[in-house]
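The values are calculated or read from the model by the stated rules, or taken from the named source; none is laboratory data. Worth saying up front: this structure is predicted, and the values here are computed from it rather than measured. Note that we place each Cβ from the backbone using ideal geometry, even for glycine, and neighbour counts take in every protein chain shown. For accessibility, only protein heavy atoms count, side chains too; no ligands or nucleic acids. Shrake-Rupley method; radii C 1.70, N 1.55, O 1.52, S 1.80 Å.
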Amino acid sequence: MREQQLAAGWARELEAVAARIGAFVTHPQPRARVGRFLGSTLAGGGRRNGWQLAEAAHEATPYGMQRLVASAAWDVAGVRDDLRAYVRESLGDRDGVLIVDETGF
């Protein structure tokens with residue numbers, strides 16, 4: 001029961017983040033795909049290619065995911081600024097420091 005509540009909470013939070021990011025995507029079709037893309041990339045299993053992302057998102061081909069990443073019209077700076085605000089709201093602490101590097105540790 002507790003695991004179901006946690007999973008439901010994470011799903012709601014992922015939907016909220018997808019909606020925040022989606023607000024910066026110009027066209028409705030790629031905007032709708034943002035949540036499926038996030039869910040597919042966060043589903044685990046290590047690195048994924050376009051076919052694997054599409055499969056995890058229940059899409060027939062990878063072309064929509066590829067278009068989202070490669071050529072969809074969206075406000076990159078707006079997403080960055082909004083996600084920074086989201087992280088500060090969610091994880092922020094007056095004395096906190098977030099360090100991200102490419103090592104994955």
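Quick check: residue separation of His27 and Val76 times 0.36 nm, minus the Cα distance between them. What number comes out in nm? Write out the running numbers ahead of the final one.
Values: separation 49, 0.36 × 49 = 17.64 nm, distance 1.43 nm.
Stretched out fully, the His27 to Val76 stretch lengthens by 16.2 nm.
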What do you get for Rg/Rh over the chain if you use C-alpha atoms and the Kirkwood form of Rh?
0.99
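Report the relative contact order of the chain, percent, no decimals, based on alpha-carbon pairs under 8 angstrom and at least 6 residues apart.
On the way: 68 pairs, mean separation 26.0, N = 105.
Value for the chain: 25 percent.
Over the chain, with every protein chain in place, what whole percent of the accessible area is carbon and sulfur at 1.4 Å, could you tell me?
Details: 4610 of 8130 Å².
It is 57 percent, rounded to a whole number.
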For the chain, the longest principal axis of the Cα atoms and the Cα long axis of helix 76-91 enclose an angle in degrees, to the nearest 10, of 40 degrees
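Assuming a ≥ b ≥ c are the square roots of the Cα gyration tensor eigenvalues, decide whether segment 7-68 counts as rounded (a/c under 1.5), prolate (otherwise, with a/b larger than b/c) or oblate.
Numbers: a/c = 2.20, a/b = 1.09, b/c = 2.01.
Verdict is oblate for segment 7-68.
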Zone of Ala11 (label point 7 Å along Cα→Cβ, backbone N under 11 Å): which residues in segment 53-69?
none
Helix axis angle, 2-22 relative to the chain longest principal axis, alpha carbon, degrees
70 degrees
Tell me the angle of helix 28-42 to the major Cα principal axis of the chain, expressed in degrees between 0 and 90 and rounded to the nearest ten.
60 degrees
Approximate spin-label separation Thr103-Ala19, in nm, with each point projected 7 Å along Cα-to-Cβ:
3.8 nm
